Amino acid sequence: MSRQAIAARPPSFAAKTVSVALIALCQLAAMALWFSASAVIPALVAEYGLSNFAQAVLTSSVQAGFVVGCLASALLGLADRIDSRRLFAGAAFVGAAANALLLVVDPGSVVAPTLRFITGVCMAGVYPVGMKLAATWARDDMGFMVGLLVGALTLGSASPHLFSALGGLDWWITLAAASGSALAASALINLVRIGPNRKPTPPFNTHLLLVAWRDAPLRLANMGYLGHMWELYAMWAWIGVFLLASFRMVMPPEAASLAAKLVAFATVGSGAIGAVVAGLLADRVGRTTITILAMAISGSCAATVGLLFGGAPWALTALCIVWGISIVADSAQFSASIAELSPPPWVGTMLSLQTAMGFTLTLVTIHLMPYLVDALTWRYAFAPLALGPAFGIYAMAKLRRHPRSIQLAGGRR
């Protein structure tokens with residue numbers, strides 16, 4: 001057989017399986033950096049007496065960095081100019097270094113959020129780039145592929161809570177483990193093969209920014225995504241603190257601390273189940289169906305979880321895990337909707353704009369939570385997050401009735 005014939009053969013199923021598994025593993029390992037500082041906030045408060053603002057900024061600065069990184073990458077076309085594996089590896093390495101430097105600075109100083117901002121910029125070279133790598137292997141399984149990668153992101157975001165539980169009271173172990181995990185991802189990503197469906201990313205076009213608002217289906221899909229993001233990262237950032245405060249009311253301090261860390265890991269990590277299952281179902285039952293159902297469940301959890309505050313730990317744990325599964329189940333479907341509703345030359349700009357708007361909104365709710373706790377107590381502080389899913393359901397229901405919704409999921413709205 002000639003070399004040309006060999007080169008023309010499609011990659012084997014085994015090659016696809018190994019590469020996609022490696023991409024998911026690397027994404028999981030690198031994303032440990034995202035909530036590494038958030039997971040140890042109770043320990044940092046006890047040792048350094050951090051203010052509400054200082055606590056919130058350790059997470060929100062990552063969000064801000066991610067927005068800046070995504071927009072810079074889109075404007076410069078980095079994902080097409082640099083081999084995706086090298087970009088991922090470099091971003092994970094720098095992010096690991098910035099995270100490790102938190103071990104030698106005062107968490108209450110301006111240096112700490114600056115390092116977290118750098119980490120967020122680096123995450124823009126990990127999460128979207130990992131998605132781009134996985135898409136090179138997608139054929140008729142894009143829904144599952146995206147769900148798998150969102151699941152990896154979710155587990156990676158949850159992992160610092162597990163590191164914290166294993167590390168006990170030594171908060172530095174969590175930060176060190178997250179950096180070590182990202183360094184491993186930086187090395188392993190180089191073993192990934194790029195699939196046969198490699199395509200250039202449509203260029204970022206600033207002239208299209210107003211189109212996302214003027215075009216009704218795109219506007220409604222973005223409104224749904226904003227409702228989803230209003231709830232998601234505020235819950236992920238503060239669920240560990242909430243659980244610790246609740247468990248301390250009914251458990252000895254050491255037992256409460258360990259239980260809160262493990263349940264926080266289970267709550268955030270269980271979202272991987274929702275992401276993968278929703279990814280499998282969305283192409284079959286429809287994008288709006290999945291997003292409306294997921295937001296109805298997660299919004300109900302946000303509205304009622306505080307009623308179990310200080311109550312039976314098993315009941316609170318069960319509700320939190322349902323919340324964790326449902327809160328991220330719809331995440332990938334908003335991006336898929338934008339991709340399907342946009343003409344091909346617009347896709348890159350529209351997805352970048354959606355990401356920028358969504359993560360910018362998370363800055364509001366992440367900073368709002370400590371003040372809601374002060375004003376409403378933990379019993380009612382999460383309830384305002386339910387406003388986001390309610391707004392998202394309204395938007396996706398309107399999109400479902402729009403004639404162009406036939407473009408979603410091959411006609412399955």
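Odds and ends about this structure:
- Ignoring aspartates and glutamates fewer than eight residues from residue 261 along the same chain, the ones with Cα atoms less than 20 angstrom from its Cα are 47, 170.
- Considering all different alpha carbon pairs of region 11-190, the Kirkwood hydrodynamic radius works out to 16.4 Å.
- Difference of contour (0.36 nm per residue) and Cα-Cα distance, residue 312 to residue 104: 71.0 nm
- Once the gyration tensor of the Cα atoms in region 319-403 is diagonalised, the equivalent ellipsoid follows with semi-axes of 29, 16, 12 Å, ordered largest first.
- Contact order, relative form, for the chain: 23 percent (alpha carbon pairs under 8 Å, 6 or more residues apart, mean separation divided by residue count).
- Gain in span if fully extended, residue 47 to residue 187, counting 0.36 nm per residue against the direct Cα distance: 47.0 nm
- Listed by chain and number, the lysines whose C-alpha is less than 19 Å from the C-alpha of residue 16, apart from same-chain residues fewer than 8 away, are 132, 199.
- Spatially, region 333-367 and region 227-242 are offset by 19 Å when compared through their Cα centroids.
- Residue 284-residue 114 pseudo-label distance in nm [points 7 Å out on the Cα-to-Cβ vector]: 5.2 nm
- Rel. contact order, % - alpha carbon contacts under 8 angstrom, at least six apart, region 11-190: 42 percent
- For percent of Cα pairs over 35 Å apart, the value computed from the atomic coordinates appears in the list (i) 24; (ii) 20; (iii) 36 under label (i).
- Remark: relative contact order (region 204-413) = 39 percent; criterion is Cα-Cα distance under 8 angstrom and separation of 6 or more residues.
- Structure-based [θ]222 nm, the chain - -39500 (n - 2.57) summed over DSSP H runs of at least 4, per residue, nearest 500: -24500 deg cm²/dmol
- Of 178, 135, 278, the one that fluctuates the most in a GNM where the chain has Cα springs shorter than 10 Å: 135
- Shown is the FRET efficiency for residue 216 and residue 249, computed with R0 = 35 Å from the Cβ-Cβ distance and rounded to the nearest 0.05: 0.15.
Read-outs throughout are calculated quantities, based only on the coordinates presented, and are distinct from any laboratory measurement. Please read these numbers as outputs of a predicted model, since none were measured by experiment. Cβ: placed from backbone, ideal geometry, glycine included. Neighbour counts: every protein chain shown.
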